[in-house]
Amino acid sequence: MTDLALDIRGVSKRYAAHVAVRDLSLSVPRGTVYGLLGPNGAGKTSTIRMILNIIAPDTGTIHLLGRPHSDGAIQDRIGYLPEERGLYKKMAVRDVLRFLAELKGVARRTADARIDEWLDRLALRTPEKDWGKAKVDELSRGMQQKVQFIGTLLHDPELVILDEPFSGLDPINAQALKDTVVDLKRRGKTVIFSTHLMDNAERLCDAVCIIARGEKVLDGAVAAVKSENAGRTVALALEGSASPAVMGVLQDKALVERVDDQSRFFEVELAANADAQVLLRRILEAGARIARFERVQPSLHQIFLQRVGASGVEEGMSGHG
Amino acid sequence: MAKLFAVVKREYLERVRSPWFLIVTLFGPLFFATIMVLPGYLSIRGMRNSGVSQFTVLDATGTGLGERLADRIASRPNTDSLPPALAETVNAMPVVPRPVIEVLTADALAAREAQLVTEVQEKRLVGFLVIDSATVDKGEARYAGRNAGSVGETERIESALRSALLSMRIEAAGISATTAESLTRLRISLSADRITDRGKGGSGLASAFLGGGVAMLLYFSIVFYGQAILRGVLEEKTTRVAEVIVSSVSPDTLLAGKVLGVGAVGLTQQLVWLSSGVFFWTQRGALFKMLGMGAPPPMAFPTVSPTVLVALVLFFLLGYTLYASLFAAVGAMVGSQEEANQASQPVIMLLVFSIIFLQPVLLNPTGRLAQIVSWVPFSAPIIMPMRMTATEIGIGELAAVLAGVLAMCFACVWMAARIYRIGLLMYGKRPSMAELMRWIRQS
């Protein structure tokens with residue numbers, strides 16, 4: 001038994017008009033939370049669909065839990081939440097969930113017990129109302145997302161693959177999702193999810209892979225990725241808002257490569273040969289009162305912008321990268 | 001296999017549980033009962049109503065033809081040659097009232113006719129019949145009235161007039177009135193029996209009814225359940241539930257489960273219909289009595305050999321699978337119901353092509369046209385069962401046609417599965433013909 005949950009080697013996928021994924025290799029150890037990061041149209045969904053054997057790669061091999069991904073039996077050990085979500089609208093919630101469980105080979109009795117457990121846990125069954133009896137289209141959007149999420153996990157999969165799980169979630173459901181991911185990891189499951197929200201990825205992931213234009217930009221443990229890209233980032237906080245003079249300093253290309261301006265908080269990436277001390281002195285000379293000036297590890301967000309850049313986002317490619 | 005069963009089960013239960021299934025399934029037998037009973041009921045009602053339509057005869061012949069005619073219109077039909085059951089029905093019908101006879105001269109005719117037209121317009125009279133010397137010489141008469149369009153009424157008058165004229169002419173030839181009477185009162189009843197290799201096989205008319213009925217049933221089932229499959233595929237595609245499903249089962253399994261599940265729904269429904277059809281058929285005597293119509297017209301149920309029965313079931317299963325896969329492919333190609341309506345036109349055309357040949361084939365089931373249409377794999381599942389019940393088909397021909405349909409069925413399923421596999425996850429623009437070809441090649 002291999003200790004890799006996912007092993008992709010040299011996978012490419014070409015569509016008529018463009019290359020979706022180019023020579024992608026990555027591996028995900030068991031028991032980790034792995035983030036597949038990239039702008040829209042980077043090839044995330046194509047990669048995930050190939051992992052699940054929904055579409056066939058043109059070249060390369062994919063192994064899941066030590067078995068080829070085309071092995072029919074492997075499907076039952078994987079839970080998948082697609083980016084485009086949907087359920088049978090006219091079916092009762094409980095019937096849909098039973099059906100989804102049955103497709104994964106879960107016995108009816110086991111499925112029913114787990115459905116109850118999940119409905120309780122996600123507040124879809126309360127003493128006042130059992131939404132399990134309602135038809136899917138009677139549920140609010142948020143509730144439908146919860147049901148879909150339950151459907152992904154009912155068969156207690158070893159590997160959970162979530163495509164853009166946070167898109168369209170309200171803060172409460174997003175928190176429930178994060179809690180569940182943490183819980184899955186604690187129980188030794190592997191979770192792979194794609195996102196373009198770096199904050200979520202940074203907080204949840206053990207390791208990440210950033211892809212853009214169908215190619216891998218970098219991958220590795222989050223800590224390693226951050227330390228490799230460290231040393232050139234300064235966290236700066238001001239008392240009051242920045243004066244034009246201060247903004248002038250921050251836009252000096254000799255000192256500053258890039259600045260993430262959040263009004264009173266700035267994440268500053270120093271220019272190649274710039275000295276942080278010089279930057280600090282210039283800002284003070286510009287008359288600013290400094291609340292914080294600290295050399296920090298860059299956020300994933302920062303690394304992402306730095307490595308992918310604006311050019312990584314291909315225009316006109318909607319959603320199905 | 002367990003997954004296929006799960007898909008089949010869902011398709012089956014979700015459809016059978018829907019109120020529409022209940023309505024259609026219950027409505028079916030009602031429909032059968034209605035078409036079996038209604039024509040008889042209506043024709044008897046029609047005869048009763050015609051009892052009210054007492055009309056006037058203007059007799060300018062000067063020969064007493066009017067009186068003879070009136071006798072014949074008012075009398076009961078001779079039931080001697082009828083089967084006892086039908087005779088009983090006819091005798092139970094009310095007597096048609098005698099028309100009013102006005103004997104007048106040819107000169108007065110025009111004026112009286114004008115008066116009667118006004119009476120008809122003022123609804124004091126249903127209509128009037130004019131007989132004169134032309135009637136006696138050449139058999140020409142004219143009827144005018146509000147019910148002039150009624151074929152039944154016209155035929156009744158014509159036949160009475162023919163009989164009256166005939167008896168008058170026979171009498172003129174020197175034969176006694178009573179002899180003439182018995183000579184002219186003759187009813188012809190032609191029963192057409194179908195002869196097959198195994199001997200006489202029930203009435204030809206009943207076979208035609210059965211054949212046409214089977215063909216229509218197959219046609220409607222294929223259209224109805226084919227469309228149900230299309231809608232099902234489209235729903236999975238538009239609600240995006242398809243992607244979740246195909247991460248658990250292969251698209252081929254999903255397609256097979258859908259076709260089998262919906263097919264099982266169709267079979268369930270037809271089983272209900274068939275058994276209730278048989279029930280109403282055997283109980284039709286009681287039903288007719290309940291509606292106060294006497295005995296139902298006799299009609300022997302045509303004999304159906306086991307070979308024909310097996311072939312019938314095979315044709316239904318193959319025909320259904322063939323068209324179901326085509327409808328599924330259409331569903332996977334499109335993104336909305338409007339697009340589906342448009343894209344399913346070619347498939348519907350194939351079905352309509354079968355049904356427009358229904359009548360010609362029914363009228364001449366052994367003709368060249370009937371043969372050709374029943375050999376084409378797309379129309380064979382509908383036309384062949386009908387030909388089989390209407391005429392004898394050699395076992396060799398039957399096997400060859402079945403093999404052809406089977407081959408076409410495989411080709412369609414193969415092609416549809418490929419289109420389905422790719423189309424299911426394709427959103428946006430409808431594929432062009434060239435793109436479709438690429439889908440079929442690449443998957």
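What does a probe at A:Arg264 reach in region A:239-255, counting residues whose amide N is under 11 Å from the point 7 Å along Cα→Cβ?
Correct set: A:239-242.
Against the longest principal axis of chain A, how steep is helix A:276-285, in degrees 0 to 90 to the nearest 10, with axes from Cα atoms?
70 degrees
Only counting other Cβ atoms within 10 Å, I'd like A:Glu102, B:Glu158 sorted with the fewest neighbours first.
Details: A:Glu102 22, B:Glu158 13.
Fewest-to-most Cβ neighbours within 10 Å comes out as B:Glu158, A:Glu102.
Taking the Cβ of each residue in A:Cys209, B:Cys409 as the centre, tally the other Cβ atoms inside 10 Å and list the residues starting with the fewest. If you can, show how the numbers build up before the last one.
Values: A:Cys209 26, B:Cys409 21.
Sorted ascending by nearby Cβ count, the order is B:Cys409, A:Cys209.
With r as the distance between the Cβ atoms of B:Thr154 and B:Ala177 and R0 = 25 Å, compute the FRET efficiency 1/(1 + (r/R0)^6) and round to 0.05.
On the way: r = 28 Å, r/R0 = 1.11.
After rounding to 0.05, the efficiency reads 0.35.
Tell me the label-point distance for the pair A:Ala123, B:Ala106, using the 7 Å Cα-to-Cβ offset, in nm and rounded to one decimal.
The two pseudo-label positions are separated by 10.4 nm.
Distance between Cα centroids, region A:225-293 to region A:1-53: provide it in whole Å.
So the separation of the two Cα centres works out to 36 Å.
Spelling out what I want: for every residue of region B:345-359, take phi, set θ = phi - 60°, compute 6.51 cos²θ - 1.76 cosθ + 1.60 (Karplus), and round to whole Hz; glycine and proline get x.
3, x, 5, 4, 4, 4, 6, 5, 3, 5, 7, 6, 8, 4, 5
Out of A:Val249, A:Phe266, A:Gln277, whose Cα points farthest toward the positive end of the dipole of region A:231-296 (charges: +1 Lys, Arg; -1 Asp, Glu; placed on Cβ)?
Farthest towards the positive end: A:Gln277.
By count of other Cβ within 10 Å, fewest leading, how are B:Cys412, A:Cys205 ordered? Don't skip to the end; give the middle numbers.
Values: B:Cys412 21, A:Cys205 25.
Ranking B:Cys412, A:Cys205 by Cβ neighbours within 10 Å, fewest first, gives B:Cys412, A:Cys205.
What does the highest-first list of B:57-67, A:286-296 look like by mean Cβ count within 10 Å?
Details: B:57-67: 20.0, A:286-296: 13.4.
Highest mean packing first, the order is B:57-67, A:286-296.
No value in this document is a laboratory result; all are computed from the given coordinates. Everything numeric here is computed off the predicted structure, so don't read it as measured data. Methodologically, a virtual Cβ is constructed for each residue, glycine included, from the backbone with ideal geometry; neighbour enumeration extends over all protein chains shown.
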